[in-house]
Each structure stands twice: as C-alpha cells, then as structure tokens.
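Undergrad: The structure is given below, and queries will be raised subsequently.
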Amino acid sequence: MAKKQLLKLLAVMLVLVLCVASFAACSQSSDDQEGKPEPAEDPKDDGKEPAEKPQDPGKKLTIRYMSPATAGTPQAEILEELIKEFEDENPNITLVHDALPSAELRTKITVEMAADNPPHASWCILSYAREFMRDDKIIDWKTVYDDPNHKEFKEWFDDKTLEFSAYKDGRLMMAPYEASIDGLFYNTEIFEKYGWEPPKTFDDLIDIAKKCREQGIYAIVTGGKDMRFAWMASALLVRAIGIEKATELAMGDAITKWNDPEYGFPQAMEKFKELVDAEAFPPGTVGLSATEADQMFARGEAAMYYEGQWKPGNFLTAGGDDFIKKVRRVNFPAMTDMPEGDPDACVGGTIVGTIVTSNKPEEEIQAAIEWVKVISSPAYYIPSTETGQNLYAGKAEYDRTKPPEVINQLYDAFQSAPRFIPSMDAFAPPAVDLAIKKTAMPGILSGELTLEAAIAEVQKAAEEYAKTLE
Amino acid sequence: MSSIAINKKINDNRVSLLKVGKKARIVIYAFMAICSILVLLPLLWLIFTSLKTQAELTQNIWGLPKSPQLSNYALAWKKGRMGLYITNSLISTIVTIIITVITSTTISFILSRFTFKLNRTIYYLVVIGMMIPIHAAVIPLYIMALNLKLQNNLVALGFIYAAFRIPASVFFLESYMKSIPKELEESAIIDGCGIWKTFVNIILPLSKDGIITIVILAVLACWNELLVAMLMLNQPFIKTLPIGLMGFIGEYNSEYTQLCAGLVIACLPGLIFYALLKEKIVKGMTVGAIKG
C-alpha cells in the first residue's frame, strides 16, 4: 500500500514539475527581457555621432538575413556568391541566409516579430513594414542615408527612390530593393494577325475583349487561385479616382470609406465587372494558378496579361525565347468617363525593400546595414535585369542588348512614370487587401458575389481593421 | 478484436467476392480500375512532368515527355539539396516516432490497465491536446524554443512533433490496449511477471498492430509538416524536406519541372517504407477500422 501511495505521490510531483517547467518556458520573464539587448536608439534623438562600421573587428557576429531568393531561383545563385564575398571581406561576420517563398516569409517574420526574435535584415513589403514601424521594431533609414559611411545609397538611388517608404511621421522604413512597375503585356503576334492596336482607353479594352471572344480566345488571363488581383485593383482604383484619394482610402483618414463613391472603390469594382461581363477572363480564372495563366498566355489562348515587372521572367519560363520576343507592354488603359481618375499613374514604385530590425546590438545593426548595402548595389540587381528576370531601382546602366525588349520597355516606363501608386498588397492594410483579392474580385469574377456584396465585404474588413487601430 | 479474428473476416470477405456473378464481377473490376486510374494518374503526371522542359510543359501539359530530361533530377538533387533535407526530415521523423511510441505506449498502458482515482482526469487532460491545432500554438512554441535555445535543432523539432502526436496516439492505443483480455495479464502475474515485464512481454507484443498505426500516422504528419519546421529552423543546411521543396517556388518564378522531380525523389522514402512494411501497415490500418 505504502509503495502504491509513494508511486502516486511521485506521479503527481512529476506532473507538477512538468507544468511549472512548461509555464516557465512559455512566459517571457522580466529576467529574459533584461538579458536581451536594448533596442537601438535613434541617433537623431540622443545626438550621438553617426554610427561607425562594426566597432570591434575581432568580435564574431552572426547576421541572419531573410529573403525570397529560394535555392532553385537565379537570384539565389547571385546571392550566394555575394554572401561569400561579403564574408571574405568581413571575416568576423557570418551571414545566415534564410530563404523562403514570400508568403511563408511573411508568416515567419510576423511570428518572429511577435516573439521579439526577428532576423537582422529581411525582404519586406510596404504594408508589413508599416506595421513593424508602428511598433518600433525596425530602424529608420533616414539616419543611415545621412551617414557619410553609407554614402553609396545616395550614389545609387535618387531621393524619390530612397524616400519611397516614408512612414507618416517622416521616418523611412526600408532600403530600396527592386523597381516595381505594372504592364499590360500583350502578344504582338495575335495583335498583328487580327490588325488590333493595343488598348489606350478602357473602352478599347472592352472592345478587344469582345473581339477576342469572336476569335475563340480571351483578352486577359490571371492567376485567380494565387489571388493575383492586387495590381489590377490598384490600377482600377487610380484610374477611377486618382492617387490622392486612393492614398487617403488605403492609408489615410478615409480607411473606412471603401463603399463611398467619393473615394472611387465602387467605381473601380464596377469597371472590373464590365470586364467580367465582356468575358475578358477565361472561365475558371478563379481556379487558375499563376503558372497555368502564364502557360495560357504563352500558348496564345489569351491576348493580354496584366501584372508587374517580374512577369517577363515567368513568360520566358513558360514560353521560351521565341515567345518572350513577341511580348510587349503598354500602360493600363485610361478611363475617359472618370474625370477624377489619373490616366498616367503607374502601379508600382519601390514597394518592396529591405528592413533592418532595431532590437539588436548596435554592431549587429551596423553589420546588417553593410549587408543591405551589398544587396541594394547594382552588382546584385543588374544581372537580374540583364537576364530578363527583374528590374533595378537604381541609377546604374545595364546592357540593353541583353534582356528581351519588353524589359527595356519596363525600365523606360519605370524611369519616366510621372507618379506611382503601390499595388494593393503593399498599399492597403493586409486584412483589406485580402478582402479585395481573396473575396471581392474572385466573387465578382465567379458570379458568387454581386457588386454591392463584394464592396460590402471589403468595407467590413476595413471597419474591423479600423477597430484594431483604436 | 484479435488479429486472428480479423484475418478470418478478411478471408470470409474474399470467399463472398468469389461467389458474385460474372456481370457483377465485371462491374466491380471496372469500378476498381477507375479508382486505380484516379489514384495513379496524378502520380504518372508528376513523373512525366519531372521529365519535361519548362517550355514542353507549357505546350504539352498532359502528354508524354518527348525527350526525357533526367537533368531535372540532377538539378533538383543538387540545387534543392534534396539528400541533405531528406536526411534532416528522417532525423526529426525518427525522433518523433521514438518519443511518440515510448510515451504513448506507457501512458496508454497505465490508463488502460490500472484503476486509480485520477485515471479519467489524466486521460482527458492528455487527449484534449487533440483539439489544439498546431497553428494556434506557434507563437508560444516559438518563444519556448527560443528561451530553451532549441532552435535549429532537429531533435527538438522531433520532440515538438511528438508532443502533437501523443494525444491522438494515446486516444487510439488506450482503447486498443483495453481490448486485450485481462486474463493474459493475470496469467503473466501468476507466472511471476512484474508490471514492467507484463508491459514489455505481454502488452507491447499484443499491441504491435496498434503501435504500427500510430507510427504511420506520426510519419505522415511530420514528413509533410511545414509551418513549425519553417519557424524553428533558420540555417540553410538544417531544413526539412517540405521547406526544401518550397525552394523551387520562387517569388516571381517557379521551376515546376524541377519541383516535380524533387517531389518524385521525396516520395521514394515513403514508397520504400510502404514496400518494406506493407503487410503490417494494412493490418495496422484495418485494426484501427474495425476494432470492437
């Protein structure tokens, strides 16, 4: 009996010890917090001298950098070489490259920010950077650009590009990474065959959609399953109401006015419905992956494709060299019946960049900035531009004979664009962006939602987001 | 239900199938052939795609590859670090299996064979874990792993997976062990076995089919797990297979032919596992299905 009781007592004690251990590990004790490095303070507040390069050259530092350049991509190979060079030049720094596809990267960085253990530097999109800046989790790049130790940033980029990520109080959230610009890509072979001109106005676009149906093809294809509607949503909005009101709606005081025609979103969705009604999109677009959409475009089953500057790289993969030679780009068509709309603004700008987190020791932050300098440099991005994969946001010239012509068109359009509006995923709060590209636009496309119901879904998401700000 | 009874039931079913008429048999075989095609078609498509070029995939999605591109396999193996990631996945899976089996069998044995006051309370406390989705626990789990310095540790990852497998395994094994006749245990005790010997020599061998079932479920769960592995592992050389496969899907460009080659390679350990343990797996699954 006594033995049994002893066993019971031991079992109860074991359970108690396990519970206490679990709670201790779960909780963030004050001791833990004390053990962590203090967040780097803003030099402009304390009047410190601009930070020097890593202060103790003998001290071993490990810097973690997160990017979407995953192992199989062309960017990864260039990046691996740059990492090796960087480590050779800075023998006290070890750079850990944590590569994940962008959707997974966003999940991971959100969890790591919440757990106060983010990477030193990371690829980031504007809307996420805004949330991190609001919580003081990332450094202000303004002080870096003003630092003579980092003068390269001003040599490579103009002020417009450097200040693309201004937070509402003037702090700068990210360092430039790549140039983003939209394009209504079209297959010249189809247009020449039928004697069509690329659309200049929205009415032209509807007209081409109808002509395409007569020829048994479709006007536009997009990856509905992958929710590739963020760029078109911004294009429709800016053409309907202009940049100022669109910005007020997505980021300003009008955040809960998505159902108000004064801010243009209902008109933008109405135009989208016009495209759907004209059978511009193939049936089943909602279930098409971006790759399947690329393949349809490459097979000539769709005459046009609307999205960002990376698409030529996808078209090259889907259709090969012969196909990419046939692709050209024009601006998204103007809406002649929308007097407040902006007919010239482009979707894009510099909507992704690199953030550096602020809760690390100063020498690690400086080492991370040195690394960001490497990946913002022409050495990293020019090869991508020349192979037709992407565009560099800086001033450096590249060999225009190397990439396909559509890349040169994109580069020129980026350089000459009068104004930019970010794509919806970089612009609107993440919850609102998801409501647009996951619910509203696919709902209209599939016929599951009426125009009013689709707008109401977005309005609801915006109101819920606004409540969290209170 | 003992394994002898199950085999008898299976044999009875076989006999009854032979008795059906010719027409009915044609219908049954046609139905089974359709089912087989439905199962095999995606696998065949995967193999064909893994042997095409990207351009060929665009032009000819469903057809046979014109000239098989074995280089996709070489590239997937090298660029995707498949060998390394398979080893890493194996390590975390083996740890998961060991921890799950040791803890689940011992907990289930105590809960099913002993009567004590807190028996049901402990049982419900353990199985309530089944109701906690792994996604709901990621932030506390991440903080715990961080505080205990268990990041970038494949063994620790195996412990985490095991923690999420234990509730379901105990739920299954406890009822399985309950169905073992008490008389066997009593005979063992009369023959001089203690608790430990009874557990090792009597209960464990009789629970073999049930243990195989929980092992299969554990393998399936952790071989394909992405979210926790992605959060817990940061180093490029300490990643698991699902993260490695995601590497073929880039921000702007995806290497689908290489991804398919990688998927074929990733399927191989599972196929070998199935080929080696086919009979036991089928038995384990059927025991779970018709236990009474």
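Every number here is computed from the coordinates shown, using simple stated rules; none is lab data. Note that the structure is predicted; figures quoted are calculated from it, not measured. Note that each Cβ is placed from the backbone with ideal geometry, even for glycine, and that neighbours are counted across all protein chains shown.
Undergrad: Counting other beta carbons within 10 Å of each Cβ, put A:SER446, A:SER102, A:SER234 in order, fewest first.
TA: A:SER446, A:SER102, A:SER234
Undergrad: For a Förster distance of 60 Å, can you work out the FRET efficiency between the beta-carbons of B:LEU184 and A:SER416, rounded to the nearest 0.05?
TA: 0.10
Undergrad: On a C-alpha basis, how far is the centre of the range B:35-81 from the centre of the range A:301-317 in Å? Whole number, if you could?
TA: Centre-to-centre (Cα) distance: 23 Å.
Undergrad: Hey, with R₀ at 60 Å, roughly what FRET efficiency would B:TRP196 and A:THR94 work out to, going by the Cβ-Cβ distance, to 0.05?
TA: Once rounded, the FRET efficiency stands at 0.80.
Undergrad: Given a cut-off of under 8 Å on Cα pairs at least six residues apart, what relative contact order in percent is computed for the range B:80-290?
TA: 34 percent.
Undergrad: For peptide A:98-107, what's the mean number of Cβ atoms from other chains within 10 Å of each residue's Cβ?
TA: Mean shielding count: 5.
Undergrad: Another question, if that's okay. Express in whole angstrom the spacing between the alpha-carbon centres of the range A:158-178 and the range B:100-135.
TA: The range A:158-178 and the range B:100-135 have Cα centres separated by 55 Å.
Undergrad: Just list whichever of A:LYS271/A:LYS373; A:LYS168/A:LYS438; A:LYS142/A:LYS225 have alpha carbons separated by over 31 Å in the model shown.
TA: Pairs exceeding the cut-off: A:LYS271/A:LYS373; A:LYS142/A:LYS225.
Undergrad: Still on this model: Long-range amide H contacts for A:VAL347: which residues qualify at under 5 Å (H placed 1.01 Å from N, peptide plane, sequence gap of 5 or more or a different chain)?
TA: Here the answer is A:ASP182, A:ILE421, since their amide H atoms fall under 5 Å of that of A:VAL347.
Undergrad: If you don't mind, another one. Compute the relative contact order of chain A as a whole-number percentage, counting only Cα pairs closer than 8 Å that sit 6 or more residues apart in sequence.
TA: RCO, chain A: 23 percent.
Undergrad: How much length, in nm to one decimal, is gained on full extension between A:LYS168 and A:ALA431, taken as 0.36 nm per residue of separation minus their Cα-Cα distance?
TA: Net length gain for the segment: 92.7 nm.
Undergrad: Enter the Cα centre distance for the pair the range B:162-181 and the range B:191-257, rounded to the nearest angstrom.
TA: With the range B:162-181 and the range B:191-257 each reduced to a Cα centre, they are spaced 17 Å.
Undergrad: Once phi is turned into θ = phi - 60°, what whole-Hz ³J(HN,Hα) does the Karplus curve with 6.51, -1.76 and 1.60 give for every residue of the range B:30-39, x standing for Gly and Pro?
TA: 4, 4, 5, 5, 4, 4, 4, 4, 4, 6
Undergrad: Follow-up. Between A:LYS402 and B:LYS280, how high is the FRET efficiency from 1/(1 + (r/R0)^6) when r is the Cβ-Cβ distance and R₀ = 56 Å? Nearest 0.05.
TA: 0.45
Undergrad: Now a separate question. With 28 Å as the limit, write out which pairs from B:LYS66/B:LYS239; A:LYS257/A:LYS437; A:LYS84/A:LYS154 have Cα-Cα distances beyond it, or answer none.
TA: The answer is B:LYS66/B:LYS239.
Undergrad: With runs of 4+ DSSP H residues as the only contributors, calculate the mean residue ellipticity of chain A at 222 nm using -39,500 (n - 2.57) per run, divided by the residue total and rounded to the nearest 500.
TA: Theoretical 222 nm ellipticity from helices: -14500 deg cm²/dmol.
Undergrad: If you don't mind, there's one more thing I want to ask. With springs only between Cα atoms under 10 Å apart, run a GNM on chain B and tell me which of B:LYS208, B:LYS22, B:LYS278 wobbles the most.
TA: Top of the fluctuation ranking is B:LYS22.
Undergrad: What distance in nm separates the simple spin-label points at B:LYS149 and B:LEU227, each placed 7 Å from Cα in the Cβ direction?
TA: Each label point is offset 7 Å from its Cα along the Cβ direction, giving 2.9 nm.
Undergrad: Count charges around B:LEU226 for me, please; just the other residues with Cβ under 13 Å from its Cβ, Lys/Arg as +1, Asp/Glu as -1.
TA: Result for the neighbourhood of B:LEU226: 0.
Undergrad: I want to check the label-to-label distance for A:ASP116 and B:LEU64. Put each point 7 Å from Cα in the C-beta direction and report it in nm to one decimal.
TA: For A:ASP116 paired with B:LEU64, the spin-label model returns 6.3 nm.
Undergrad: List, largest first, the extents of the alpha carbons of the range B:113-250 along their principal axes, each in whole Å.
TA: For the range B:113-250, the Cα spread along each principal axis is 64, 29, 24 Å.
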